[in-house]
1. Given the Cα-Cα distance of residue 186 and residue 89 and 0.36 nm per residue of separation, how much length would full extension add, in nm?
2. What ranking do 219-226, 135-142, 328-335 get when scored by the average of other Cβ atoms within 10 Å per residue, highest first?
3. Over region 357-414, what percent of the accessible surface lies on carbon and sulfur atoms, probe 1.4 Å?
4. If amide H atoms are built 1.01 Å from N in the plane of the peptide, which residues on other chains or at least 5 residues away come under 5 Å of the amide H of residue 103?
5. Using the heavy atoms of the protein chains and a 1.4 angstrom probe, tell me the accessible area per residue for region 265-423 in square angstrom.
6. Give the long-range amide H neighbours of residue 302: residues separated by 5 or more places, or on another chain, with amide H under 5 Å away, using H modelled in the peptide plane at 1.01 Å from N.
7. How high is the FRET efficiency between residue 249 and residue 58 when r is their beta carbon distance and R₀ equals 56 Å, given to the nearest 0.05?
8. Can you work out the FRET efficiency for the pair residue 396 and residue 153, with r the C-beta to C-beta distance and R0 = 45 Å, to the nearest 0.05?
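The values are calculated or read from the model by the stated rules, or taken from the named source; none is laboratory data. If you're wondering where the values come from, they're calculated on a predicted model, not measured in any experiment. Using ideal geometry, Cβ is built from the backbone for each residue, glycine included, and neighbour counts are taken over all protein chains shown. Protein only, heavy atoms only, side chains kept; ligands, DNA and RNA dropped before computing areas. Shrake-Rupley method; radii C 1.70, N 1.55, O 1.52, S 1.80 Å.
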Amino acid sequence: MDHHRSRRPNSQPVPPWGRAVALVLLLFLAMAGGVQAQAGLWDRIERSAGEAAFPEMVARYGGVAPLPEEHQAWLNAIFERVAAQSSRTGAIEYSLTVLNTDLVNAFALPGGFVFLTRGLLDLTGWDPDQLANVLGHEVAHIDRYHYRNRIVRQLGIAVFIGVFFREATETQVVQQLVNLAADLIDKGWSRDDEYEADRVGQEFAAQAGFDPEGLPRFLERLLEEERRHQGPQVAEVLRTHPLTERRIEVTRERLPQLQAVYQRNRAQVAAPPRIGVDEAAARYLDPLGRYTFPLPDDWRAGRSTTSASTTVLRSRDGRIFFIHVTPQPAGGRDLEELAGELLASYQDVVPGFELVQGPTPSRLGDEPALYFEYRYVDEDGRRLREGSFLALKETTVYLFQYADAPERFETTAGDFFRAAEAFTYR
């Protein structure tokens, strides 16, 4: 409504400072949920900002991850249960996108857009309780108006005065919020916002029927990963979070009261199938649905990564599985030719390469394979010994490998051969 046309004939003009005070009061009430019209404006601005930033964020992180439909549905089911706990459900539309990068990260855009990376999924071993708590944390940033509060603190109330008095457009505010969102994704939230998102996210997870212990368990794994790999595996924003022992302690201190909430809701949540590393079943199920194989009984998962071509599974004691899945090269080369070309390339590019056993006939699951062994030096300077099974199933090449320190290889290789024998193509 135009305030000039609504003025009574004999009334005096409202002084500029009076308009500003009135607007601040209106905006304060809107943020508290007291003025629905202004709240609706905020929701619209946030949604527009999220939609504007969405394509850039997807492109920055390698596009949308090509997960099988049933696995995406499994993640969506967890996410929808967690997002349903938000007080803003209905006012905004929450959505989940998995990004196709090994970088460990999770973040949210204004307007209900939540993102996880493949790297984070692999780090959790696709544990539903860890994922529900991470998702709850990101939903909490949106639920508790952290973007809204941050833009008021950072840009000031003046930017919205122009919108209400038609001296600026919503588009200008949206662009300011897009810039702020990109900056927050790179640099992170304040300590207070992060602690609040931890608390509310744990509550959302418990209310949705997931174990709130999943959050400290995830933070411990993240901290362990960061200590082990001082590199680009974990997003810079996660490294600058208040990721301290104290933060983990705080999330554990809340468990007694949240466990009761979790137990009340637990029966209502169907347990989803486990994919990735399943330590309880001592098995790995490829999240892309291509194969499965047994893990050693004492396997304790470390860093794992999965892509369309290469999967790397690391145990906490240094053992490694590699699985490569690639199309058969043009020209219809057979196993012997493929093995020869592979070993020749290793000889040229792998540091410290030394062939221990040349290709010999064997099997990978129900397919004929060639087995060979060699020593090499990895990127961390460690001397490793590796065994490889090379198989060709129809027009797809499978390379199944196992690496360990040379002094342990002979005693632990039995687990590798059992895994190869029970390797199942899906």
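1. On the way: separation 97, 0.36 × 97 = 34.92 nm, distance 2.65 nm.
Value of the extension gain: 32.3 nm.
2. Details: 219-226: 18.0, 135-142: 26.6, 328-335: 11.0.
Top of the packing list down: 135-142, 219-226, 328-335.
3. Working: 1230 of 2460 Å².
Ligands and nucleic acids excluded, carbon and sulfur give 50 percent.
4. 119
5. Details: 7250 Å² over 159 residues.
The answer is 46 Å² per residue.
6. Under 5 Å from the amide H of residue 302: 314, 315, 316.
7. Values: r = 36 Å, r/R0 = 0.64.
Efficiency, rounded to the nearest 0.05: 0.95.
8. Values: r = 54 Å, r/R0 = 1.20.
The pair residue 396/residue 153 has a calculated efficiency of 0.25.
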